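Only one structure is covered here, and it is reproduced in the block below.
Each reported figure results from applying straightforward, stated rules to the coordinates on display, with no laboratory input. Computed from a predicted model, the values in this text were never measured in an experiment. Every residue, glycine as well, gets a Cβ built from its backbone with ideal geometry; the counts of neighbours run over all protein chains shown.
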Amino acid sequence: MKVLIAYYSRTGNTEKIAEIIKDELNADIERIDDGDKYKGPIGYMKGGFNAVTGRLNEIKPTEKNPLHYDLTIIGSPVWASSLAPGVSQYIRQNRKNFTNVAGFVSCGSGGGEKTLKQMSDECGKQLKASLILNSEDMKSDLNKKINTFINKI
Ligand SMILES: Cc1cc2nc3c(=O)[nH]c(=O)nc-3n(C[C@H](O)[C@H](O)[C@H](O)COP(=O)(O)O)c2cc1C
């Protein structure tokens, strides 16, 4: 099965998860790049506001077409119980090309379920598998939870 992982990460947590999944599945990977639009404390506020109000922002052109993959795994941080705007933009640009979709989110403590529902709604597909990892999970054995997710794929 050919797998693409498309993720956005502002501070590295979602990226860390994406890299582990990539290694486990020997998948291709695409980093969603918003040009550091949400850097620093002002960026944090702006990010939360844009996420919760559904404002999108431009992302750099992506390289890999999900149409050429059996499964696209989308990864996003939870921002105000919502997808990061760059991820929503990515989904909007690629929605027609997803064969199957699975998703994972990284959060501090909550909002993961709502964010995964948003992901599924925006993709117009049920997620084949989903995973929520919070800040406590990030300190523990990530591989165990990630493997449970991978086994559902
Ligand atoms: C703008 C913004 C809003 C956030 N909102 C939430 C939230 O609603 N719930 C939560 O548990 N964590 C929230 N967080 C924390 C992030 O989801 C968490 O730190 C995540 O692991 C960051 O992933 P990253 O390192 O890949 O950027 C928020 C972070 C940012 C920047």
- Say a paramagnetic label sat at a point 7 Å from the Cα of residue 52, along Cα to Cβ; which residues of segment 102-139 have their backbone N under 16 Å from it? 108-112, 114-115
- Item | When each of 22/64; 39/139; 117/139; 16/125; 2/64 is checked by Cα-Cα distance, pairs over 19 Å | 39/139; 117/139; 16/125
- Message: Per 0.36 nm of contour for each residue apart, how much would the distance between residue 114 and residue 142 grow if the chain were fully extended, relative to their Cα-Cα spacing?
- Response: 7.9 nm
- Message: Just to confirm my numbers, what's the Cα centroid distance between segment 13-79 and segment 89-148 in Å?
- Response: 11 Å
- Item | Least to most buried among 107, 123 (fewest other Cβ within 10 Å first) | 123, 107
- Note on the structure: Spelling it out for residue 30: with amide H atoms placed in the peptide plane at 1.01 Å from N, the residues 5 or more places away or on another chain with amide H under 5 Å from its amide H are 5, 6, 7
- Message: Give me the extension gain from residue 64 to residue 93: residue separation times 0.36 nm, minus the current Cα-Cα distance, reported in nm with one decimal.
- Response: 9.2 nm
- Order these peptides, 111-120, 127-136, by their mean beta-carbon neighbour count within 10 angstrom, highest first. 111-120, 127-136
- Of the DSSP beta bridges with both residues in segment 3-152, give the percent that are antiparallel, rounding to the nearest 5. 10 percent
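Hey, fewest Cβ within 10 Å first, where do 30, 122 land in order?
122, 30
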- Anyone know which of 125, 139, 60 comes out most mobile in the 10 Å Cα GNM of the chain? 139
- Task: Would you mind ranking 11, 72 by Cβ crowding within 10 Å, fewest neighbours first?
- Result: 11, 72
- Note on the structure: Interchain or sequence-distant (5+) residues whose placed amide H lies within less than 5 Å of the amide H of residue 84 are 79
- Taking the chain as a Gaussian network, where each spring joins two C-alpha atoms under 10 Å apart, which residue of 75, 48, 124 fluctuates the most? 124
- Query: How high is the relative contact order of the chain, given as a whole-number percent (alpha carbon pairs under 8 Å, six or more residues apart)?
  - Reply: 23 percent
- Message: Just to verify a number: FRET efficiency for residue 42 and residue 152, C-beta to C-beta distance, R0 = 41 Å, to 0.05?
- Response: 0.60
